[in-house]
Amino acid sequence: MVNKMKFEEKMKALEKIVSELEQDEINLDESINKYTEAMKLIKECDVELKDAEEKISKIVSKDGELKEFELTE
């Protein structure tokens, strides 16, 4: 289920889990399950963000070669 979610959907799921954990209405076992689910989502989001950062940090030159993007002022 989690792997097929888009990044934005994972972030919304994380927000929901945090909200649920902040409430005192769930028991310990459910809290542990929610925490475990949140950690999986965080790990997947982190991987996606690092992949996106890597893609953004490179540009394709006119000859089709990937080069590091350098910001000039």
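For this structure, a couple of remarks:
- Check on ALA52, surrounded by 10 or more Cβ atoms within 10 Å (Cβ to Cβ), modelled with pLDDT of 90 or more and under 11 Å from the mean Cα position of the chain (by Cα): no
- All of LYS34, LYS12 fail the test of being within 20 Å of ALA52 (Cβ to Cβ), of a type in the set (D, E, K, R) and in a helix (DSSP H, G or I), apart from LYS12.
- Of the residues in region 14-25, not one is modelled with pLDDT of 95 or more, of a type outside the set (A, V, I, L, M, F, W, C) and under 11 Å from the mean Cα position of the chain (by Cα).
The values are calculated or read from the model by the stated rules, or taken from the named source; none is laboratory data. Bear in mind that the values here come from a model prediction, so they are computed numbers and not experimental data. As a convention, Cβ positions derive from the backbone with ideal geometry for all residues, glycine included, and neighbour counts pool all protein chains shown.
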